[in-house]
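Asker: Handing you a structure now.
The values are calculated or read from the model by the stated rules, or taken from the named source; none is laboratory data. Computed from a predicted model, the values in this text were never measured in an experiment. Every residue, glycine among them, receives a Cβ derived from its backbone with ideal geometry; neighbour counts consider all protein chains shown.
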Ligand code: URP
Ligand code: ZN
Ligand code: ZN
């Protein structure tokens, strides 16, 4: 392998002056490593429902065979010994913001640096949020198609809805039927920019239902947050701690409950993104108990960090943790972990939305101007393993479910993604549970000069990442090419939609109306 690799001229480029080196092929097209046949031998192959010691044979980007003792003629085949290691589906991150224009600036990671970071951390696909341009979905979509030309791994799109009229309604249909987008996000916060009101949310939910699209909400009461911000400024609290104090858990709980009740009223599944508090999680649990289809997505920052950092006397140290909803007191993170382990919360995202120190400094006088967002794309797979599997809260199969398979199922691309089985895309990680990971802005692949997980170490390490059948991460070395990533089209009507029509029929039957009345004779 080394000799084959040495034939390939690699050009080292710096992703930013502040971070380590990555590599791209001189040609700028295709992957550096031309191997198309790979045998992963002797590892423990883990899917969401089963694990066994087996070999995995890959050819031309697809998994061809999964079983013990696969025999292949050894010409031109790369054999990787995975004995003692886990062979798992590559991670799928349901929630990222690459090259997103937000709060007067743009996230520092674009579709190349963000995806390079993802691959180094064992994530092989992500779903990014397209933000409309002045409410136009078409313009937003076109802008993101441009941004994504830098992609070096597979990706899909969600779409935010920020205004409502007949054009938006028609554009939603085009996005689903022609552009492969099957989910729409409604921001109940960020008053004055992305926030929508209940009237729009109801229209949007109805439209999602007619299209079989998954409705997603950022659940915080934006009006009350606005009021909370004013209150903090009046109290003279202008630093990053004011961010958390202005939007307490009760505002997340309120909006989550409201969105859940409106979804129940429309009879549509609901996906709550970045669940950060017990208040929101309890609402989701209550709805599930009553039979409502509500998906809760915790993000890594909410699971493993706590809000004490926001009180750090150094502005940048505190500001780097500013995100919305905010990182909460530690009991919230512990409760979210428990909810993930019992299945109340279903899959883990990152909400990767990175801003560097200069950008975070925009809010040095006023926390309302600190761009909201934290990193996580590169760290998610390691931190979820260390926090959830090493502590005994998740089995290895459940780890695969929450980091990959559930996302593939929800966004209707399973088993092409999220599984190690014949016919699936060859997106695979080889994970050594006996190794260790270390996190630092000095070695990460994001373009940001800070990392909210700075200094963390833990058990387990993604040693090899295979994306689309190519080895893209091995021996701590990235081999990625801008432009080589594929857009993954996602069809509507996921499994949550099964039975919705029957429930509608039962609802209509239960009305016992309209009543045929004899008109009073006046
Ligand atoms: O702080 C956050 N979460 N930034 C990204 C935008 C969003 O709300 O998802
Ligand atoms: Zn959000
Ligand atoms: Zn987000």
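Asker: So which of 263, 259 is assigned to a helix (DSSP H, G or I), more than 16 Å from ligand 1 (Cβ to nearest atom) and crowded, with 24+ Cβ neighbours inside 10 Å?
Answerer: Values: 259 fails: more than 16 Å from ligand 1 (Cβ to nearest atom).
On inspection, the qualifying residue turns out to be 263.
Asker: Moving on. Could you grab me the full set of residues in the range 425-443 that are part of a loop (DSSP other than H, G, I, E, B) and crowded, with 23+ Cβ neighbours inside 10 Å?
Answerer: Residues of the range 425-443 part of a loop (DSSP other than H, G, I, E, B): 426-427, 439-443.
Correct list: 426, 427.
Asker: Restricting the search to the range 218-229, which residues are part of a helix (DSSP H, G or I), farther than 11 Å from residue 366 by Cα and more than 16 Å from ligand 3 (Cβ to nearest atom)? If you could, list the steps in order and put the result at the bottom.
Answerer: So in the range 218-229, the residues part of a helix (DSSP H, G or I) come out as 222-229.
Then keep just the ones that are farther than 11 Å from residue 366 by Cα; that gives 222-228.
Within the range 218-229, 223, 224, 226, 227, 228 meet the criteria.
Asker: Now for a separate question. Quick check: is even one residue across the range 274-281 buried (at least 22 other Cβ atoms within 10 Å of the Cβ), outside any loop (DSSP other than H, G, I, E, B) and within 16 Å of ligand 3 (Cβ to nearest atom)?
Answerer: Yes; the residues of the range 274-281 include at least one that is buried (at least 22 other Cβ atoms within 10 Å of the Cβ), outside any loop (DSSP other than H, G, I, E, B) and within 16 Å of ligand 3 (Cβ to nearest atom).
Asker: Oh, and also: Would you check if there is a residue in the range 454-468 being more than 30 Å from residue 304 (Cα to Cα) and either in contact (Cβ under 8 Å) with a residue 60 or more places away in the chain or in a loop (DSSP other than H, G, I, E, B) (or both)?
Answerer: Here is the first cut: in the range 454-468, the ones more than 30 Å from residue 304 (Cα to Cα) are 468.
Checking the rest, the ones that are also either in contact (Cβ under 8 Å) with a residue 60 or more places away in the chain or in a loop (DSSP other than H, G, I, E, B) (or both) come to 468.
Within the range 454-468, one or more residues are more than 30 Å from residue 304 (Cα to Cα) and either in contact (Cβ under 8 Å) with a residue 60 or more places away in the chain or in a loop (DSSP other than H, G, I, E, B) (or both).
Asker: Output the residues belonging to the range 206-221 that are within 16 Å of ligand 2 (Cβ to nearest atom) and surrounded by fewer than 24 Cβ atoms within 10 Å (Cβ to Cβ).
Answerer: Within the range 206-221, the first condition is being within 16 Å of ligand 2 (Cβ to nearest atom), and the residues that meet it are 214-221.
Selection gives 221 alone.
Asker: Out of 121, 114, 156, which single residue is touching a residue at least 24 places away in the same chain (Cβ under 8 Å) and either in contact with a helix residue (DSSP H, G or I) (Cβ under 8 Å, 6 or more places away or on another chain) or surrounded by fewer than 20 Cβ atoms within 10 Å (Cβ to Cβ) (or both)? Spell out how you get there, then give the answer.
Answerer: Details: 114 fails: either in contact with a helix residue (DSSP H, G or I) (Cβ under 8 Å, 6 or more places away or on another chain) or surrounded by fewer than 20 Cβ atoms within 10 Å (Cβ to Cβ) (or both); 156 fails: either in contact with a helix residue (DSSP H, G or I) (Cβ under 8 Å, 6 or more places away or on another chain) or surrounded by fewer than 20 Cβ atoms within 10 Å (Cβ to Cβ) (or both).
None of the others qualify; the one that does is 121.
Asker: Give the residues of the range 370-388 that are within 13 Å of the chain's Cα centre (by Cα), in a loop (DSSP other than H, G, I, E, B) and away from ligand 3 (no atom under 14 Å from the Cβ), sorted by residue number.
Answerer: Across the range 370-388, the qualifying residues are 378, 379.
Asker: What are the residues in the range 405-419 that are farther than 17 Å from residue 486 by Cβ and assigned to a helix (DSSP H, G or I), if any?
Answerer: 405, 406, 409, 410
Asker: Here is a further query. For residue 51, work out the one condition from (1) modelled with pLDDT under 95; (2) touching a helix residue (DSSP H, G or I) at 6+ places or on another chain (Cβ under 8 Å) it doesn't fulfil.
Answerer: Going through the list (1) modelled with pLDDT under 95; (2) touching a helix residue (DSSP H, G or I) at 6+ places or on another chain (Cβ under 8 Å), residue 51 breaks only (1).
Asker: So which of 95, 126 is more than 25 Å from residue 370 (Cα to Cα), within 16 Å of ligand 2 (Cβ to nearest atom), surrounded by 24 or more Cβ atoms within 10 Å (Cβ to Cβ) and in contact (Cβ under 8 Å) with a residue 40 or more places away in the chain? Let's see the steps before the verdict.
Answerer: Numbers: 95 fails: more than 25 Å from residue 370 (Cα to Cα).
Residue meeting the stated conditions: 126.
Asker: Do you know which residues across the range 171-190 are touching a helix residue (DSSP H, G or I) at 6+ places or on another chain (Cβ under 9 Å) and more than 16 Å from ligand 2 (Cβ to nearest atom)?
Answerer: Once the filter is applied, which keeps residues that are touching a helix residue (DSSP H, G or I) at 6+ places or on another chain (Cβ under 9 Å) and more than 16 Å from ligand 2 (Cβ to nearest atom), the range 171-190 yields 171, 172, 173, 174, 175, 176, 177, 179, 181, 182.
Asker: Specify the residue that is nearest to residue 277 (Cα to Cα); the eligible residues are those in the range 346-358 that are surrounded by 21 or more Cβ atoms within 10 Å (Cβ to Cβ) and more than 16 Å from ligand 3 (Cβ to nearest atom). Don't jump to the end; show me each part of the working.
Answerer: Step one: of the range 346-358, the residues surrounded by 21 or more Cβ atoms within 10 Å (Cβ to Cβ) are 346-356.
This time we only want the ones that are more than 16 Å from ligand 3 (Cβ to nearest atom), so: 346, 356.
On the way: 346: 15, 356: 26 Å.
For the range 346-358, the residue satisfying everything is 346.
Asker: Are there strands (runs of 3 or more DSSP E) fully within the range 43-161 with at least 3 residues that are in contact with a strand residue (DSSP E or B) (Cβ under 9 Å, 6 or more places away or on another chain) and within 16 Å of ligand 1 (Cβ to nearest atom)? List them. Can you show your working first?
Answerer: Numbers: elements: 50-59, 62-67, 78-81, 86-89, 91-96, 123-130, 154-160.
Passing ranges, in order: 91-96, 123-130, 154-160.
Asker: Let me spell it out: the conditions are (1) touching a residue at least 12 places away in the same chain (Cβ under 8 Å); (2) touching a helix residue (DSSP H, G or I) at 6+ places or on another chain (Cβ under 6 Å); (3) more than 16 Å from ligand 1 (Cβ to nearest atom), and residue 377 meets all of them except one. Which number is the exception?
Answerer: (3)
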